[in-house]
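Every read-out reported here was derived from the displayed coordinates using simple, explicitly stated rules and does not represent laboratory data. Please read all numbers here as calculations on a predicted model, not as lab measurements.
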Amino acid sequence: MRRWRGLGTALTSLGNYDEARIALDRARSIFTAAEPPGHFLFVPLEVNEADLALARGDATGALLGYQRALVLAEKSALVDHPNARLALLGMGRAQLLLGRPLDAIASLERALPADESSTDPVTTADIRFALARALLAAGRD
């Protein structure tokens, strides 16, 4: 399962979007056969699929994917999980691309960890950078 999801992520990063879609579709079919709908393991897959949509320039589709991931994380009471943070980060990026900087600020502030020592520093830096961009777009400090 994770191998296909990881491959999809790597291919998205490399700009091989059609191949990434194939890998992520394969991951989804495996996840669907292994876990019931709504299981927390679908959160990173939703984030990966939303990342692909965002990379393809579909900010609206990406936002919907990130929102689905966040709903799954909330249902599992895992909103502080790293994958939930990635969903919020993605939401903020998509909202910013859609010209909604105030929504982006809200999502990105929610993504910031209370205790930064418990979070990957690269993720925290990504959140802070996106938040700075959103604040600038909104004309705020």
Each residue of the stretch 34-45 in order: what ³J(HN,Hα) in whole Hz does its phi give by Karplus 6.51 cos²θ - 1.76 cosθ + 1.60, θ = phi - 60°, with x for Gly and Pro? 9, 10, x, x, x, 5, 4, 4, 7, 4, x, 5
For the chain the mean separation of alpha carbon contacts under 8 Å (6+ apart) over residue count, i.e. relative contact order in percent, is 16
Answer label, with Rg/Rh (Cα atoms, Kirkwood Rh) calculated from the coordinates and candidates [x] 1.19; [y] 0.97; [z] 0.94: [y]
For the stretch 98-103, Karplus-derived ³J(HN,Hα) couplings (6.51, -1.76, 1.60; θ = phi - 60°; whole Hz; x for glycine and proline) come out as 7, x, 10, x, 5, 5
